[in-house]
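Step one of this worksheet: look at the structure below.
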Amino acid sequence: MDPVRELKKVASEVKEFDERLANEIIETSEEIFQKKEAGLIEEGKRVVCVNPVQGIFRGRIYIIGEEVQPNYFVILEEDTKNRVGIFRGDRFQIDWKAY
């Protein structure tokens, strides 16, 4: 689901009643989700595992290594920087406590 696309659909329906309100919905949704992109997982960021699989554990902090293909990253141990393996980025979320 693309939230910006969904909100644009709502805005087009609202536009029949109030064009100014429809434009505000579009502008606000794009602004919110563009800011979210600034927090994307990228190399060197601390992340927390939220979707464990063999080799990684829920709640444990890791470091993102290089991206080997879209949305697949080398995952490193936080303390030793040893390579754990290659995992999908959606198994992690940014450790906002670190920033």
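The values are calculated or read from the model by the stated rules, or taken from the named source; none is laboratory data. These numbers come from a predicted model, not from an experiment. Reconstructed Cβ throughout: ideal geometry from the backbone, glycine too, with neighbour counts over all protein chains shown.
Here are the numbers:
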item: Failed condition for Lys36, given (1) under 16 Å from the mean Cα position of the chain (by Cα); (2) at pLDDT 70 or above; result: (2)
item: Verdict on Asn71 being touching a helix residue (DSSP H, G or I) at 6+ places or on another chain (Cβ under 8 Å) and modelled with pLDDT of 75 or more; result: yes
item: Lone qualifier among Ile61, Ile41 - being of a type in the set (A, V, I, L, M), under 11 Å from Phe92 (Cα atoms), modelled with pLDDT under 85 and surrounded by 11 or more Cβ atoms within 10 Å (Cβ to Cβ); result: Ile41
item: The range 23-33, residues that are modelled with pLDDT of 70 or more and either in contact with a Leu (Cβ under 7 Å, 6 or more places away or on another chain) or not hydroxyl-bearing (Ser, Thr, Tyr) (or both); result: Asn23, Glu24, Ile25, Ile26, Glu27
item: Every pair of residues 6+ apart whose Cβ atoms lie under 9 Å, when the first sits in the range 79-96 and is at positive phi while the second is outside any helix (DSSP H, G or I); result: Lys81/Ile63; Lys81/Gly65; Gly85/Gln54; Gly85/Gly55; Gly85/Ile56; Gly85/Val74; Gly85/Ile75
item: Extreme residue, farthest from the chain's Cα centre (by Cα), among residues of the range 64-99 that are of a type in the set (A, V, I, L, M, F, W, C) and exposed (fewer than 11 other Cβ atoms within 10 Å of the Cβ); result: Val68
